[in-house]
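Peer 1: The following block contains the structure, expressed as structure tokens.
The values are calculated or read from the model by the stated rules, or taken from the named source; none is laboratory data. The model shown is predicted, which means the values in this text are computed figures rather than measured ones. Using ideal geometry, Cβ is built from the backbone for each residue, glycine included, and neighbour counts are taken over all protein chains shown. These accessible areas exclude ligands, DNA and RNA; they are computed on the full protein's heavy atoms, side chains included. Shrake-Rupley method; radii C 1.70, N 1.55, O 1.52, S 1.80 Å.
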Amino acid sequence: MKVIRLKSNPELYSCNAYLVLGSWNTLADVNTLVDIGQDGFVIAEIESISTGVGKRPVEQVVLTHSHFDHAAGLGAVKRRFDPIVRAFGKVEGAGSPLANGEIIRMGDADFEVIHVPGHSNDSIFLYSESERVLFSGDSPVNIQSSDGTYSAEFVAVMERVCALPVETIYSGHDDPISAGARSILLRSLENIRRSAGRRAYRSA
């Protein structure tokens, strides 16, 4: 699998968009754009990338959530590449909603859809067991203090993700984490639990 972080428009507040390709650009691979950004700025770069002979450069779009900085450019990308569009919630222009636990193909790898409420009601993680890769969108995974407040649902998702062998994290706005990803997740979970403990102490 290849993951290419695309350049965003420097004049707009936007997100990281990632083009996910198979290692060998075969016909069976599903060229996938994870998030889009606020406009169609990524289109020109995508068209300069080798994405396989006889294939559309973008065959599928997967949104980690529907906030404008991740999804507002959907119309431009659909007009140019005519991809299938998948999202957890109802998004104009998207096909059938993703389901928690659903397995989807991106590039030449399978990814599990993990619903992670908190940042938004339709936020998801995308996790590949074979590649040990996690796309985290805007959900917090590098939590450096115990001052936050987190829902029980979010804590449960983080506990599950921390049990997975994650080696690389691609987030919605930060640089990718390719060293110590699991340690960062475990430290984040520890801070989440400390935050919960402090709240319980205050209310006692």
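Peer 1: Do we find a residue being out of contact with any Leu (no Cβ under 8 Å at 6 or more places or on another chain), in a loop (DSSP other than H, G, I, E, B) and not small (Gly, Ala, Ser) anywhere in the stretch 175-186?
Peer 2: Yes, the conditions are met somewhere in the stretch 175-186.
Peer 1: Might you check whether a residue that is open to solvent by 60 Å² or more (accessible area, probe 1.4 Å), more than 23 Å from Pro176 (Cβ to Cβ), among the β-branched types (Val, Ile, Thr) and in contact (Cβ under 8 Å) with a residue 12 or more places away in the chain occurs anywhere in the stretch 150-157?
Peer 2: No, every residue in the stretch 150-157 fails to be open to solvent by 60 Å² or more (accessible area, probe 1.4 Å), more than 23 Å from Pro176 (Cβ to Cβ), among the β-branched types (Val, Ile, Thr) and in contact (Cβ under 8 Å) with a residue 12 or more places away in the chain.
Peer 1: Oh, and also: Keeping to the stretch 98-121, report how many residues are surrounded by 14 or more Cβ atoms within 10 Å (Cβ to Cβ) and modelled with pLDDT of 95 or more.
Peer 2: 15
Peer 1: Quick check on the stretch 186-204. Is at least one of its residues of a type in the set (Asp, Glu), over 18 Å from the mean Cα position of the chain (by Cα) and open to solvent by 60 Å² or more (accessible area, probe 1.4 Å)?
Peer 2: Yes.
Peer 1: Then there is this: In the stretch 39-51, how many are of a type in the set (S, T, N, Q) and either touching a strand residue (DSSP E or B) at 6+ places or on another chain (Cβ under 8 Å) or crowded, with 20+ Cβ neighbours inside 10 Å (or both)?
Peer 2: 1
Peer 1: Has the stretch 157-169 got at least one residue that is modelled with pLDDT under 95, part of a loop (DSSP other than H, G, I, E, B) and out of contact with any Asp or Glu (no Cβ under 9 Å at 6 or more places or on another chain)?
Peer 2: No, the stretch 157-169 has no match at all.
Peer 1: If you don't mind, there's one more thing I want to ask. Confirm whether Tyr18 is surrounded by 16 or more Cβ atoms within 10 Å (Cβ to Cβ) and closer than 15 Å to Gly172 by Cα.
Peer 2: Yes: the conditions hold for Tyr18.
Peer 1: Anything in the stretch 160-187 that is of a type in the set (S, T, N, Q) and farther than 25 Å from Ser8 by Cβ? List them, or say none.
Peer 2: Ser183
Peer 1: Tell me which of these Gly22 doesn't satisfy, since it passes every other one: (1) closer than 22 Å to Asn121 by Cβ; (2) touching a residue at least 60 places away in the same chain (Cβ under 8 Å); (3) touching a strand residue (DSSP E or B) at 6+ places or on another chain (Cβ under 8 Å).
Peer 2: Looking at each condition in turn, Gly22 falls short on (1).
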